[in-house]
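The values are calculated or read from the model by the stated rules, or taken from the named source; none is laboratory data. Worth saying up front: this structure is predicted, and the values here are computed from it rather than measured. As a convention, Cβ positions derive from the backbone with ideal geometry for all residues, glycine included, and neighbour counts pool all protein chains shown. Ligands, DNA and RNA are excluded from the accessible area calculation, which covers all protein heavy atoms including side chains. Shrake-Rupley method; radii C 1.70, N 1.55, O 1.52, S 1.80 Å.
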Amino acid sequence: SRSLLWAGVTAADQSPTLPTPVALEEKKLSTHLKKLDATLQEGADHEAKIELSEKKLKSFIESEVEGVSKEVQKMNIKDTDSISNVEPVPGAPGPPGYHGTNGHNGKVGLTGPTGSEGRAGPRGG
C-alpha cells in the first residue's frame, strides 16, 4: 500500500505524476465528459426551440379563438336584433291537454264554536 501511495513521485522535485493507465483513463473520461456536455447543450437548445414554438403556437391559437369569439358575438347581436324586430303573431290553438288527476283532501281544520240552540219540538201527549 505504501508503494501505491508514492507511485509516480519523482525524486528530483517530489512532484507526483500519474501512472500512465490512470492518465489515459482520465483523458478518456475528459473527452467523454466534453461529449456529454455538448449533448446536454444540444438538448437544452432543442428544448428552448420547442418552448419558443409552443409559445408561438399558443399565441396564435389564442388570437384565432379571440377573433372567432368576437365574430360570433357580433353575429349574436345581429341575430338578437333581427329576432326582436319581428312582431309576435298568435298561432293556431293547440289540441286540448290531458285532464289532471284529482288532488288529495287538505288537513282537517279547527272545530268551530257551538251553534245556537234550536227551537223546541212538539209536545208529546
With the convex hull built on the alpha-carbon atoms of region 37-125, volume per residue in Å³ sits at 533
Per residue, how much accessible area does region 10-125 show when a 1.4 Å probe rolls over the protein heavy atoms, in square angstrom? 104
Which whole-angstrom value gives the distance between the alpha carbon centres of region 18-41 and region 42-97? 58
Report the calculated FRET efficiency for T80 and K58 (r = Cβ-Cβ distance, R0 = 25 Å), to the nearest 0.05. 0.20
Chain lengthening between E42 and K70 when straightened (0.36 nm per residue, less Cα-Cα): 5.9 nm
